[in-house]
Amino acid sequence: MTEASRLANSEVKASIPNSLTLPKVQFFSWFLIWKIPSLKLLKNIVSCDENWELDSASVVQLFSTTRNTRNREWIVLFPEVNIWTRSDADTQNTMWQKYYLPQLTNVLYPRFSGTINTLSALRSTAFTRLYDVTILYSRKTHDWDELDGPGMEGVFKPPSLLEILCSKPSTFKIHIHVKARLTSRLPVKRRRMEKWIEKTWFEKDILLETMKQESLAETQPLPLP
């Protein structure tokens, strides 16, 4: 997951809670900038290819309001497009093996178009930083033998929204890693930008594996009732 942020000109003083202004959060995917899912978004998901991309004129028009905003804003991207599953990961790696390409264990290969659209549209604006966010969920369980899949995938199965809101005491941990990058330091030419995104995803794959190993070392099964 990546996020582009706009920093307001005024400084927020942490010592005065009332002065804190929360940013406006929007998502960019499937040709739309949106806050909550809509019927139009669902229609685009069903009818459009995963490698969708806007032309230059459409990008400028879509991001025109965002580029000129004077408010704090975040644009959130999901370059993988799909949710990681063992089936999708195995299919991807089988295809990559034919071409002697590196194997990915914890992430799916990123789609370049949406990320490139966003970075191109927001270049030389008040959106000065991109935050590369990596999230890992780890679970505790009564019986380690019940964990499904190779590599103890059951331990790292993301919780449902219901579990997040209602599980008390919590039976999972959320591990978050954030890396900030100046947008002015990112590649400009498309081919170099694609290689940078690809390299970032290989690094993210290694990072997630490290986070998993650290989590397993820290996590112990819950005692049986």
| task | Kindly rank 21-30, 159-168 from highest to lowest mean number of other beta carbons found within 10 Å of each residue. | result | 21-30, 159-168
| request: Return one quarter of the surface area of the convex hull spanned by the alpha-carbon atoms of the range 2-218, equal to its mean projected area, in nm². | output: 15.5
| In sequence order, what are the phi-derived ³J(HN,Hα) couplings for the range 168-184 according to the Karplus relation 6.51 cos²θ - 1.76 cosθ + 1.60 with θ = phi - 60°, rounded to whole Hz, with x for glycine and proline? | 9, x, 5, 10, 8, 10, 10, 9, 10, 10, 10, 10, 8, 9, 6, 5, 5
| Cross-link list 35/212; 157/195; 179/212; 173/204; 179/204; 24/168: which exceed 22 angstrom alpha carbon to alpha carbon? | 35/212; 157/195; 24/168
| message | Show me, for the range 21-30, the HN-Hα J-couplings you get by feeding each phi into the Karplus relation (A = 6.51, B = -1.76, C = 1.60, θ = phi - 60°), rounded to Hz, glycine and proline as x. | response | 10, 6, x, 7, 10, 9, 10, 10, 6, 6
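Every number in this text was worked out from the coordinates using simple rules, so none of it is lab data. Predicted model only: the values in this text are computed from it and were never measured. Because the Cβ atoms are built from the backbone with ideal geometry, glycine has one as well, and the counts that use them run over all protein chains shown.
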